[in-house]
Amino acid sequence: MELIIFIGIPASGKSSFYQINFFDTHLRINLDMLKSRHREYEIFQKCLELKQKIVIDNTNPTINDRKKYILPAKENGYKVFGYYFRSQIAESLRRNEKRKDKKRIPEVGVKSSHSKLQLPTTEEGFDELFYVKIDGDNNFIVEGWQNEIQ
């Protein structure tokens, strides 16, 4: 049983990374699709009950945002993995501008998420952390965690 939590500001590559790496193996829980915290909670609880592999594809910028997934997952015997997406504000704003109308986030929303961003730690309950960045060719590079922003 595996829970993966993505951490990163809007337009940092989280959903694209999911499509490439976890689409065939993990159920994606995303607030943008579900439209309410209640629906998100209900689906998350059902996944835990069914022992489904899960990816939480939200920004999850703060320790408190992540705790609501980590604690129940641990109580249900899950291993918890965190993927921190390099959050360069200028790059994310550029990618956000290329999004179609409904998918584009207001600039203030991207900046607000960036201002709240807290680096994840294993002390939160993660079994393993990874650092994800996008190279110049829009390929994802995944590296082991080094407890610092790269």
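The values are calculated or read from the model by the stated rules, or taken from the named source; none is laboratory data. It should be emphasised that the depicted structure is a prediction, and the values quoted were computed from it without experimental measurement. Here the Cβ is made from the backbone with ideal geometry for all residues, glycine too, and neighbour counts use every protein chain on show.
Descriptive notes on the structure:
- Of the set (1) at pLDDT below 95; (2) under 16 Å from the mean Cα position of the chain (by Cα), all apply to Arg66 but (1).
- Where Phe17 falls short, out of the listed (1) surrounded by fewer than 17 Cβ atoms within 10 Å (Cβ to Cβ); (2) out of contact with any helix residue (DSSP H, G or I) (no Cβ under 9 Å at 6 or more places or on another chain); (3) not β-branched (Val, Ile, Thr): (1)
- Some residue of segment 29-38 being in contact with a Phe, Trp or Tyr (Cβ under 9 Å, 6 or more places away or on another chain) and on the phi > 0 side of the Ramachandran plot: no
- Of the residues screened, Gly144 is one that is within 21 Å of Phe22 (Cβ to Cβ), modelled with pLDDT of 85 or more, surrounded by fewer than 17 Cβ atoms within 10 Å (Cβ to Cβ) and among the small types (Gly, Ala, Ser).
- The residue that is surrounded by the most Cβ atoms within 10 Å (Cβ to Cβ), among those in segment 46-73 that are β-branched (Val, Ile, Thr) and within 15 Å of Arg28 (Cα to Cα), is Ile56.
- Residues considered: Lys111, Lys68, Lys74. Of these, the only one that is free of Cβ contacts under 8 Å to residues at least 12 places away in the same chain and either outside any helix (DSSP H, G or I) or not β-branched (Val, Ile, Thr) (or both) is Lys68.
The rows are residues; the columns are (1) in contact with a strand residue (DSSP E or B) (Cβ under 6 Å, 6 or more places away or on another chain); (2) of a type in the set (Gly, Ala, Ser); (3) more than 17 Å from Val132 (Cβ to Cβ).
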site: Ile56; (1), (2), (3): yes, no, no
site: Val80; (1), (2), (3): yes, no, no
site: Glu91; (1), (2), (3): no, no, no
site: Arg95; (1), (2), (3): no, no, no
site: Lys100; (1), (2), (3): no, no, yes
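- Matching residues in segment 23-45 - criterion: being closer than 14 Å to Tyr78 by Cα and either among the small types (Gly, Ala, Ser) or exposed (fewer than 14 other Cβ atoms within 10 Å of the Cβ) (or both): Gln45
- Test: residue in segment 74-96 that is exposed (fewer than 12 other Cβ atoms within 10 Å of the Cβ), at pLDDT below 95 and not small (Gly, Ala, Ser): yes
- Residue satisfying all of: in segment 123-139; at pLDDT 95 or above and in a loop (DSSP other than H, G, I, E, B); surrounded by the most Cβ atoms within 10 Å (Cβ to Cβ) among these: Phe126
- Residue tally, condition in a helix (DSSP H, G or I) and within 16 Å of Tyr84 (Cα to Cα), over segment 21-57: 1
- When residues of segment 6-29 are limited to those that are free of Cβ contacts under 8 Å to residues at least 60 places away in the same chain and among the aliphatic types (A, V, I, L, M), the one farthest from Lys51 (Cα to Cα): Ile29
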